[in-house]
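The values are calculated or read from the model by the stated rules, or taken from the named source; none is laboratory data. Not measured: the values here are computed from a predicted model. Don't worry about glycine lacking a Cβ; one is built from the backbone with ideal geometry, like all the others, and counts go over all protein chains shown.
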Amino acid sequence: MRVEGLRLNYGGADIVKGLDLELPAGRISVIVGANGCGKSTLLRGLSRLLKPSAGHVLLDGDELHRLAPRALARRVALLPQTPVTPEALSVRELVAHGRAPYRSALRRESGEDRAAVERALDSTQLQGLADTVVSDLSGGQRQRAWIAMALAQETDVLLLDEPTTYLDLAHQVDVLETVWELNARRGTTVVMVLHDLNLAARYAHHLVALKDGVLVAQGSPAEVVTTPIVREVLGLETVVIPDPVAGTPMVVPRAGAAAVITRSGEPGAGGDAAPSGTHGPAEQVAAPAKPTVRNSNGEQA
């Protein structure tokens, strides 16, 4: 998926401002940045929920906003932030809704539709809960059910808007492990928005950092999660060290409120001076303490 000169606006105000991106096929890309920087707006543009005021979104060379709705739904699946939980609907019934792009008034559920639903349930480890009412699931299980519905569409691209919102850490990891395994098994291109930089660095192959609707950096976690870039994107003084488990970059905020950068770009009064340097490799202050489980290239140890 490629983005060229993309502008997206609400009420005449540009939110995403002339963005150029290359989102690698078959990999997991994560969009990061402060609240209000345009992350979710960009995802809406990538899913065609928001029409660009300028620029293009290309999928395998095809202009996304010129595709017929049914053709688009067979190529791109979107899981929005905090979808409304249906009442009295089983997990299997919810997942079956993902087959809507393949049905019509004259074509009801086929054997292939049923097989696709079973594959999605298997992939998300939900077969044992297939007949459970969705509203009775835990937060993590419910999110996996929504992901299964998106998987049942059998698209090449899966867009996830903050899939870990309102989940505790254990359920966040559960959902992201599910996404990682699906990408590894199916080769689906995944683009998602996350707030947690450390989880983003651990589960992404490719990171996109935004500030005020403008691209600050894109590349591997090691290229993007650095002290200078975190300072620019979040206005926060940090140290970046290797994650002792995964070996990926891990952001540690400096102690004290004075570590927060002011609008002028200078450290807050009374705090340590901001470290000098340009956008370069992460500040490595310690080697991984344990054998890595997953390295920065996404390989299992």
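I'd like to verify a number: residues in segment 31-78 that are small (G, A, S) and over 20 Å from the mean Cα position of the chain (by Cα), how many?
Taking segment 31-78 and keeping what is small (G, A, S), we get 33-34, 36, 38, 40, 45, 47, 53-55, 61, 68, 71, 73, 77.
Checking which are over 20 Å from the mean Cα position of the chain (by Cα) leaves us with 53-55, 61, 68, 71.
Residues meeting the conditions: 6.
Could you please let me know if L78 is buried (at least 16 other Cβ atoms within 10 Å of the Cβ) and assigned to a helix (DSSP H, G or I)? Don't jump to the end; show me each part of the working.
Working: buried (at least 16 other Cβ atoms within 10 Å of the Cβ): yes; assigned to a helix (DSSP H, G or I): no.
No: the conditions fail for L78.
Cβ-Cβ under 7 Å, sequence separation 6+ or interchain: first residue in segment 132-155 and free of Cβ contacts under 8 Å to residues at least 60 places away in the same chain, partner among the basic types (K, R). Which pairs?
Correct list of pairs: V134/R142; A152/R99.
Suppose the filter is surrounded by fewer than 18 Cβ atoms within 10 Å (Cβ to Cβ) and out of contact with any helix residue (DSSP H, G or I) (no Cβ under 7 Å at 6 or more places or on another chain); does G45 pass it?
On the way: surrounded by fewer than 18 Cβ atoms within 10 Å (Cβ to Cβ): no; out of contact with any helix residue (DSSP H, G or I) (no Cβ under 7 Å at 6 or more places or on another chain): yes.
So G45 fails the test.
Kindly indicate whether any position in segment 153-161 is at positive phi, surrounded by fewer than 17 Cβ atoms within 10 Å (Cβ to Cβ) and over 15 Å from the mean Cα position of the chain (by Cα).
At the first step, the residues of segment 153-161 found to be at positive phi are 154.
Next, only the ones that are surrounded by fewer than 17 Cβ atoms within 10 Å (Cβ to Cβ) stay: none.
No: zero hits.
Only one residue in P244, P228 is surrounded by fewer than 21 Cβ atoms within 10 Å (Cβ to Cβ) and either in contact with a Cys (Cβ under 9 Å, 6 or more places away or on another chain) or in a loop (DSSP other than H, G, I, E, B) (or both). Which one?
When all the criteria are applied, what remains is P244.
Which residue out of G55, G111, G139 is surrounded by 13 or more Cβ atoms within 10 Å (Cβ to Cβ) and not assigned by TED's automatic domain parsing to the domain that holds G12?
Every option except G139 fails the conditions.
Applying the selection to segment 36-53, what residues are in a helix (DSSP H, G or I) and among the polar types (S, T, N, Q)? Walk me through how you get there before you give the answer.
Here is the first cut: in segment 36-53, the residues in a helix (DSSP H, G or I) are 39-47.
Selection gives S40, T41, S47.
Does E181 meet the test of being assigned by TED's automatic domain parsing to the domain that holds H195, of a type in the set (D, E), exposed (fewer than 15 other Cβ atoms within 10 Å of the Cβ) and farther than 23 Å from L50 by Cβ? Before you say what the answer is, go through the steps one by one.
Working: assigned by TED's automatic domain parsing to the domain that holds H195: yes; of a type in the set (D, E): yes; exposed (fewer than 15 other Cβ atoms within 10 Å of the Cβ): yes; farther than 23 Å from L50 by Cβ: yes.
When the stated conditions are applied, E181 passes them.
Is there a residue in segment 127-136 that is within 19 Å of A77 (Cβ to Cβ) and more than 18 Å from the chain's Cα centre (by Cα)? Explain how you work it out, then say what you get.
Restricting attention to segment 127-136, the residues satisfying the condition of being within 19 Å of A77 (Cβ to Cβ) are 134.
Remaining after also requiring more than 18 Å from the chain's Cα centre (by Cα): 134.
Among the residues of segment 127-136, at least one is within 19 Å of A77 (Cβ to Cβ) and more than 18 Å from the chain's Cα centre (by Cα), which makes the answer yes.
Considering segment 5-35 alone, what residues qualify as being assigned to a loop (DSSP other than H, G, I, E, B), of a type in the set (G, A, S) and either in contact (Cβ under 8 Å) with a residue 24 or more places away in the chain or in contact with a Gly (Cβ under 8 Å, 6 or more places away or on another chain) (or both)?
Step one: filter segment 5-35 for residues assigned to a loop (DSSP other than H, G, I, E, B), giving 11-12, 23-27, 33-35.
Then drop every residue that is not of a type in the set (G, A, S), which leaves 11-12, 25-26, 33-34.
Hits for segment 5-35 are A25, G26, G33, A34.
Within segment 83-91, does at least one residue satisfy the condition of being surrounded by 13 or more Cβ atoms within 10 Å (Cβ to Cβ), among the hydroxyl-bearing types (S, T, Y) and not in a helix (DSSP H, G or I)?
Yes; the residues of segment 83-91 include at least one that is surrounded by 13 or more Cβ atoms within 10 Å (Cβ to Cβ), among the hydroxyl-bearing types (S, T, Y) and not in a helix (DSSP H, G or I).
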